[in-house]
Amino acid sequence: MECISHNDNEEKKECSTVEREGKEQEEILQLRQQNLELKAALEASEAENRAKTSFLSSMSHDIRTPMNAIMGMTSIGLSHIDEKSRVLDCLQKIKTASTHLMSLVNDVLDMSRISSGRMTLNEEEFSLADLIHDMTIIVRPQAAQKHQEFQMEIGQIYEEKLIGDPLHLRQILVNIIGNAVKYTQEKGLIQVSFSQHREKDPAKRDRQVWLDFCCKDNGIGMSEEFLKRIFIPFERVNNEKISRIEGTGLGMSIVKNLLDLMNGTITVESEEGRGSCFYVSIPFVAVTGDEEIYHLPEGQTVLLAESVDSRAEQIDAYLRERSLDIVHCKNGMDAVTWLTEAQYENRMPCALILGQELADMPALGLASHVRELAGKEFPILWVAEVDWAQMEYRAVRSGVDAFVPCPLFKTRLFSALSGLTGKEIKDKKDPVGNITDYGKYRILLVEDNELNREIAVELLSVTGVQVETAENGQQAVEAFENSEEGYYHLIFMDIQMPVMNGYEAAKRIRQLERADAKTIWMVAMTANAFVEDIRLARAAGMNEHCSKPVDMERMHEILRRRLRE
Ligand code: ADP
């Protein structure tokens, strides 16, 4: 018994020793684990501190540089106030520096929103065609300024109407293409393409589609070593060539963060001295069951005049899909001959689609011939890659009824063609008369800051449009309420104002019991960075936004578009 009990005791002792050792081991492991965690936390906080310090030093440098230019140039301008060319030169430099400063501030605000988790994505319906078109308007002039060739290709697109965040998508595209332009020499080549692929997961396949975007340039490129750091804030290639190119080193990290939020991907290939290629893929929900109905003259013939084969093939494929017959001519004279015969034999086509180029004459030359030959009512549609704002006057004078911009989207072509040939829109108006005649239109400009108000009034007044002002939202609502219906044609509304802000004012105007309260076009004037503001502005019933500080081009573009409708 004793022995047993002795053994028992021994065993117990042994057991408790083993237990104790086990516990100690566990504790040691726990301590080690805690140590590791503490070390990691310390490292993370040190890294964060380092990042903050480097952020602050980069920021103060990056803000100071353009600020110095602005202040220096202002002083030089003031001391040479009577020398027009000198002052002009100073003003141009101030403009460049302030644009740069603005983009820096916007980038920093975006970065801070992202890193604090305050950046939220919008979920709204948007048209891919409109988005790509808007984006092209921003980047094409940048490339043109450097005499670069800018090519854009649209591949297979399954869904044009998508749900997602169009403003942030545009920001991603503009950043990447903007860099391609920036880091490519004069007369270089920028190639951009868009296409879609279907979702592979069968559960999501019905609703989800991936947008694939590629931007290729033959610019200065990047080393393999730098590519590993390209998405880190403030990282820039550190060499002679780059130091002369303005930039903050924030664009790519914003792009990467936004793509992460969108569940998208980005890969970059690059070779120093040869160029770079950015591939982006983003999932979007497709809007289904909302197909627009186009009244296309199915079974009829369309005359297509275009010498560039790839363009003609694309138009041809789209129209055949809707059972239209195509007669394709590469020469203007062939088209005229064919049309003359068709007229004689009483088998006129339902429209002429004029392309980008003809082998023997300018596209608009053919438009004039056809207008003369076929009469006032014959529909002429121009599908081309031109700056419509610049060409509009000449095009309409030459007889063009409607314009469809390239890159070409099916829905735009169908909508324009059905508008011209279909039953519902037959009362074609002559848009020429209104182009420069702004004098009869009245704008309400709502802005609390006196200097900003003065600038905006000045920018708007050069068009001849009548401008009335209000100093806050309350005054704006009252001015609108006390005016006759249709008195104002457009409202430019600041957002942050005392007494009543822009959102509230827009909401109240929309709620007024009068017909024009629902239809008046309201443009929010927001700081570029606040994508969130734009979303709120839309929710308040505003139609679009222009960024502050206000840009003359953008304001005039809005006037041109809105007042002519
Ligand atoms: P930045 O404001 O300097 O352009 P980004 O974050 O947009 O900042 O880009 C980071 C850096 O990556 C750039 O400074 C440049 O060195 C490099 N980079 C980005 N895009 C390109 C490109 N297309 N070609 C060559 N270098 C590029």
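Output the residues belonging to region 185-201 that are open to solvent by 90 Å² or more (accessible area, probe 1.4 Å) and closer than 28 Å to Ile242 by Cβ.
Hits for region 185-201 are Glu186, Lys187.
For region 78-101, which residues satisfy the criterion of being within 25 Å of Glu246 (Cα to Cα), more than 25 Å from the chain's Cα centre (by Cα) and open to solvent by less than 80 Å² (accessible area, probe 1.4 Å)?
Correct list: Val87, Asp89, Cys90, Ile94.
Please list, ordered by first then second residue, the pairs with beta carbon atoms under 6 Å, 6 or more apart or interchain, first in region 250-263 and closer than 14 Å to Val280 by Cα and basic (Lys, Arg), second open to solvent by 50 Å² or more (accessible area, probe 1.4 Å) and within 13 Å of the ligand (Cβ to nearest atom).
What qualifies is Lys256/Phe231.
Can you tell me which residue among Gln151, Gln191, Gln145 is farther than 27 Å from Arg113 by Cα, in contact with a strand residue (DSSP E or B) (Cβ under 6 Å, 6 or more places away or on another chain) and modelled with pLDDT under 95? Explain how you work it out, then say what you get.
Values: Gln191 fails: modelled with pLDDT under 95; Gln145 fails: in contact with a strand residue (DSSP E or B) (Cβ under 6 Å, 6 or more places away or on another chain).
Of the residues listed, the single one that is farther than 27 Å from Arg113 by Cα, in contact with a strand residue (DSSP E or B) (Cβ under 6 Å, 6 or more places away or on another chain) and modelled with pLDDT under 95 is Gln151.
Can you find a residue in region 359-370 that is assigned to a loop (DSSP other than H, G, I, E, B) and modelled with pLDDT under 90? Steps first, answer last, please.
Start the filter on region 359-370 by keeping residues that are assigned to a loop (DSSP other than H, G, I, E, B), which leaves 359-362.
This time we only want the ones that are modelled with pLDDT under 90, so: none.
No, the conditions are met nowhere in region 359-370.
If only one of Val139, Val192 is within 15 Å of the ligand (Cβ to nearest atom) and either within 20 Å of Ser253 (Cα to Cα) or part of a helix (DSSP H, G or I) (or both), which one is it?
On the way: Val192 fails: either within 20 Å of Ser253 (Cα to Cα) or part of a helix (DSSP H, G or I) (or both).
Just one listed residue meets the conditions, Val139.
Identify all residues within region 147-163 that are under 20 Å from Gln208 (Cβ atoms) and assigned to a loop (DSSP other than H, G, I, E, B); write none if there are none.
Gly155, Gln156, Ile157, Tyr158, Glu159, Glu160
Would you call Thr120 within 30 Å of Asn218 (Cα to Cα) and of a type in the set (S, T, N, Q)?
no
In region 388-408, what count of residues is obtained for those that are out of contact with any Asp or Glu (no Cβ under 6 Å at 6 or more places or on another chain), within 20 Å of Ala312 (Cα to Cα) and in contact (Cβ under 8 Å) with a residue 40 or more places away in the chain?
Number of matching residues: 4.
Looking at (1) touching a residue at least 24 places away in the same chain (Cβ under 8 Å); (2) touching a Leu at 6+ places or on another chain (Cβ under 7 Å), can you tell me which one Gly77 breaks?
(1)
Out of curiosity, is Gly178 part of a helix (DSSP H, G or I), in contact (Cβ under 8 Å) with a residue 40 or more places away in the chain, surrounded by fewer than 21 Cβ atoms within 10 Å (Cβ to Cβ) and not aromatic (Phe, Trp, Tyr)?
yes
Out of curiosity, is Asp165 open to solvent by less than 40 Å² (accessible area, probe 1.4 Å) and more than 16 Å from the ligand (Cβ to nearest atom)? Don't jump to the end; show me each part of the working.
Numbers: open to solvent by less than 40 Å² (accessible area, probe 1.4 Å): yes; more than 16 Å from the ligand (Cβ to nearest atom): yes.
Against the criterion (open to solvent by less than 40 Å² (accessible area, probe 1.4 Å) and more than 16 Å from the ligand (Cβ to nearest atom)), Asp165 qualifies.
Of all the strands (runs of 3 or more DSSP E) wholly in region 437-498, which have at least 1 residues that are open to solvent by 40 Å² or more (accessible area, probe 1.4 Å)?
Values: elements: 442-446, 466-470, 490-494.
Per the criteria, 442-446, 466-470.
Here is a check on your reading of the model: is Lys204 away from the ligand (no atom under 15 Å from the Cβ), surrounded by fewer than 18 Cβ atoms within 10 Å (Cβ to Cβ) and farther than 28 Å from Met119 by Cα?
Considered against the rule, which asks whether it is away from the ligand (no atom under 15 Å from the Cβ), surrounded by fewer than 18 Cβ atoms within 10 Å (Cβ to Cβ) and farther than 28 Å from Met119 by Cα, Lys204 comes out as no.
For (1) modelled with pLDDT under 85; (2) of a type outside the set (A, V, I, L, M, F, W, C), each residue gets a yes or a no:
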{"residue": "Asp62", "(1), (2)": "yes, yes"}
{"residue": "Pro66", "(1), (2)": "yes, yes"}
{"residue": "Met73", "(1), (2)": "no, no"}
{"residue": "Leu78", "(1), (2)": "no, no"}
{"residue": "Asp82", "(1), (2)": "no, yes"}
{"residue": "Ser85", "(1), (2)": "no, yes"}
{"residue": "Asp89", "(1), (2)": "no, yes"}
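Could you tell me whether Glu272 is within 16 Å of the ligand (Cβ to nearest atom) and out of contact with any strand residue (DSSP E or B) (no Cβ under 7 Å at 6 or more places or on another chain)?
yes
Where residues in region 174-188 are within 9 Å of the ligand (Cβ to nearest atom) and out of contact with any strand residue (DSSP E or B) (no Cβ under 9 Å at 6 or more places or on another chain), which of them is farthest from His147 (Cα to Cα)?
Asn175
A quick yes/no check of all residues on (1) under 19 Å from Gly164 (Cβ atoms); (2) more than 9 Å from the ligand (Cβ to nearest atom):
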site: Phe231; (1), (2): no, no
site: Ile245; (1), (2): no, no
site: Asp260; (1), (2): yes, yes
site: Thr267; (1), (2): no, yes
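Sort out which residues of region 509-555 are at pLDDT below 80 and of a type outside the set (A, V, I, L, M, F, W, C), and write them in order of number.
Answer for region 509-555, where residues must be at pLDDT below 80 and of a type outside the set (A, V, I, L, M, F, W, C): Thr526, Asn528, Glu532, Asp533, Arg535, Ser547, Lys548, Pro549, Asp551, Glu553, Arg554.
Being under 27 Å from Gly155 (Cα atoms), of a type outside the set (S, T, N, Q), surrounded by 20 or more Cβ atoms within 10 Å (Cβ to Cβ) and at pLDDT 95 or above is true for just one of Leu352, Leu413. Which residue is that?
Result of the check over Leu352, Leu413: Leu352.
Restricting the first residue to region 185-210 and requiring it to be free of Cβ contacts under 8 Å to residues at least 60 places away in the same chain, which pairs with a second residue that is among the hydroxyl-bearing types (Ser, Thr, Tyr) meet a Cβ separation below 7 Å and a spacing of at least six or different chains?
Short answer, once both residue conditions are applied: Ile190/Thr184; Gln196/Tyr158; Arg198/Tyr158.
In this structure, does Met152 turn out to be crowded, with 17+ Cβ neighbours inside 10 Å and touching a His at 6+ places or on another chain (Cβ under 9 Å)? Don't jump to the end; show me each part of the working.
Working: crowded, with 17+ Cβ neighbours inside 10 Å: yes; touching a His at 6+ places or on another chain (Cβ under 9 Å): no.
Answer is no for this residue.
Specify the residue that is nearest to Ala384 (Cα to Cα); the eligible residues are those in region 326-346 that are open to solvent by less than 40 Å² (accessible area, probe 1.4 Å) and part of a helix (DSSP H, G or I).
For region 326-346, the residue satisfying everything is Gly332.
Look at Thr288 and say whether it is away from the ligand (no atom under 11 Å from the Cβ), without any contact (Cβ under 8 Å) to a residue 24 or more places away in the chain and not hydrophobic (A, V, I, L, M, F, W, C).
no
The values are calculated or read from the model by the stated rules, or taken from the named source; none is laboratory data. Note that the structure is predicted; figures quoted are calculated from it, not measured. Backbone-built Cβ (ideal geometry, glycine too); neighbour counts: all protein chains shown. Quick note on the areas: whole protein, heavy atoms, side chains included, nothing else; ligands and nucleic acids left out. Shrake-Rupley method; radii C 1.70, N 1.55, O 1.52, S 1.80 Å.
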